[in-house]
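This report refers to the structure that appears directly beneath it.
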Amino acid sequence: VSVLKGPREEIVYVPCIYRNTGRKKPDFLATVDVNPKSSHYCQVIHRLPMPNLGDELHHSGWNACSSCFGDATKKRNRLILPSLISSRIYVVDVGTDLRAPRLFKVVNSEDVFWKCNLGYPHTSHCLGSGEIMISTLGDPAGSGKGGFILLDGETFEIKGNWEKGDKIPPMGYDFWYQPRHNVLISTEWGIPKCLGYGFDPNDLKKGRYGRRLNVWDWTTHTYVQAIDVGEDAAPLEIRFLHNPDAAEGYVGCTISSAIHRFYKTEQGDWAAEKVIQVPSKKVEGWLLPDMPGFITDILISLDDRFLYFSNWLHGDIRQYDISNTRKPKLVGQVFVGGSITKGGPVTVCRDEELQSQPDPFFIKGKRVPGGPQMIQLSLDGKRLYVTTSLYSAWDRQFYPDLIKDGSVMLQLDVDTEQGGLTVNESFLVDFGKEPGGPCLAHEIRYPGGDCTSDIWV
């Protein structure tokens, strides 16, 4: 795959959030210098503030596909930034000046509501057709609805909905498609008006959190199958293997803290099997008596050899060898924060995995609040970047210090031979030191594409 041979990342784009921090500032897109030879290493070198307050920038995507690599007229010069809460969609020009992005277009939330009857946009992927497709969590009123917005790839006007037919999943979140197998699979987080203000344990067992992988026919745009991965599983990030012939991949279930492998059956439909379970810990001094790992982000290395994921509550990042996709093998693990560190409010009474509670995590003299969350891997698989914010309303609830001190970006060194993760002690981007006050840094994107933006067709 051509991207494997790509150059080392020198800058990354990170959406930074002020919503729910008490600071009346717009969210912004940060450009961060990650080139160790640069005098601005680990510094935010540019900030592009949005023109509105309260957007909750979350995930981003590109205007053109890696599947357009052979097409000289297609360039990755626009970054698509949907706002999870305001439902606005920002189009950012990164082509004119890679290091200083500028705002190109704003798609207003009213257009999203009226033209698609959707809201709460989440994941953006470019399509081989030149269009851009964005999944949603709900309808304009905040009820659950797993639909998709289509944008024109040149004008960025809303063209309407991608989905056709009467059947639509009750919830949405992330998605990945694989044209060679005529399939798109989407996931379900929960009902926006319930989870939007925080995590309420009373919402569990009431059908307010997702439990299905939703399978779509890629050609007809119709919803054809639901795969149940368990009540209140909340399947979030879904990743096919990068090999476009592969008819399998993994999904991380957050509340149930399990990784399921999904795959195409001999009959031609799709199924899922649990291949990893992170055991909950029996605790005192926390919201519930059992603390799940809370798997929030997962990714697969570009060579399809390793699977990585973060346990936002337990505080560890894990690396699994997936040479045998049905039997992932744990080969790397490192704790960088979390809710069970020594000396904190939580006492672990029973733990199937650890002998003792992990030490608080310090780097460059700073105690890191929060837990590992969004991850991004270098193209050569040797550097894993990590940020610590999940979503402002949940950050405020689970990690109040994150709101006060701001989140961080870290970098782990990866042993790509045997497996293994170690913290790079000389790398810290401290978003607690932002000129506008501490903020919450979320997803990490490289100019030109990365492990989680690229679908080969």
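The values are calculated or read from the model by the stated rules, or taken from the named source; none is laboratory data. These figures come from a predicted structure and were not determined experimentally. So basically every Cβ, Gly included, is an ideal-geometry build from the backbone, and we count neighbours across all protein chains shown. Protein only, heavy atoms only, side chains kept; ligands, DNA and RNA dropped before computing areas. Shrake-Rupley method; radii C 1.70, N 1.55, O 1.52, S 1.80 Å.
Of note:
- Any chance Ile255 is over 21 Å from Lys327 (Cβ atoms), part of a loop (DSSP other than H, G, I, E, B) and either at pLDDT 95 or above or not basic (Lys, Arg) (or both): yes
- Selection of segment 1-42 for residues being buried (at least 16 other Cβ atoms within 10 Å of the Cβ), over 21 Å from Gly95 (Cα atoms) and among the polar types (S, T, N, Q) yields Asn20, Thr21.
- Cross-chain or 6+ apart pairs with Cβ under 7 Å, segment 323-336 first and farther than 13 Å from Phe309 by Cα, then open to solvent by 50 Å² or more (accessible area, probe 1.4 Å) and of a type in the set (D, E, K, R): Ser323/Arg305
- Hey, Gly230 part of a loop (DSSP other than H, G, I, E, B), small (Gly, Ala, Ser), touching a Ser or Thr at 6+ places or on another chain (Cβ under 7 Å) and surrounded by fewer than 20 Cβ atoms within 10 Å (Cβ to Cβ) or not: yes
- Subset tally (residues that are surrounded by fewer than 20 Cβ atoms within 10 Å (Cβ to Cβ) and on the phi > 0 side of the Ramachandran plot) for segment 326-383: 4
- Pick from segment 297-322, criterion assigned to a loop (DSSP other than H, G, I, E, B) and closer than 17 Å to Val414 by Cα, ranking: most open to solvent (accessible area, probe 1.4 Å): Asp303
- Taking segment 324-417 as the region of interest, the strands (runs of 3 or more DSSP E) fully inside it that hold 1 or more residues being closer than 25 Å to Arg23 by Cβ and out of contact with any helix residue (DSSP H, G or I) (no Cβ under 7 Å at 6 or more places or on another chain) are 383-387, 408-414.
- Residue that is nearest to Trp189 (Cα to Cα), among those in segment 133-145 that are in contact with a Lys or Arg (Cβ under 9 Å, 6 or more places away or on another chain) and of a type outside the set (S, T, N, Q): Leu137
- Residue among Val414, Val408 that is among the β-branched types (Val, Ile, Thr) and free of Cβ contacts under 8 Å to residues at least 60 places away in the same chain: Val408
- Residues of segment 124-164 that turn out to be open to solvent by 10 Å² or more (accessible area, probe 1.4 Å) and of a type in the set (S, T, N, Q), as a count: 4
- Search result, residues across segment 163-190 that are charged (D, E, K, R) and closer than 30 Å to Trp394 by Cβ: Glu163, Asp174, Glu188
- Put simply, of Pro140, Pro121 the only residue that is free of Cβ contacts under 8 Å to residues at least 60 places away in the same chain, assigned to a strand (DSSP E or B) and not basic (Lys, Arg) is Pro121.
- Hey, Ile85 of a type in the set (A, V, I, L, M, F, W, C) and open to solvent by 40 Å² or more (accessible area, probe 1.4 Å) or not: yes
- Selected residue (only one of Leu127, Leu84 is among the hydrophobic types (A, V, I, L, M, F, W, C) and under 24 Å from Tyr197 (Cα atoms)): Leu84
- From the options Gly437, Gly406, residue that is of a type outside the set (Ser, Thr, Tyr), within 21 Å of Gly54 (Cα to Cα) and surrounded by fewer than 18 Cβ atoms within 10 Å (Cβ to Cβ): Gly437
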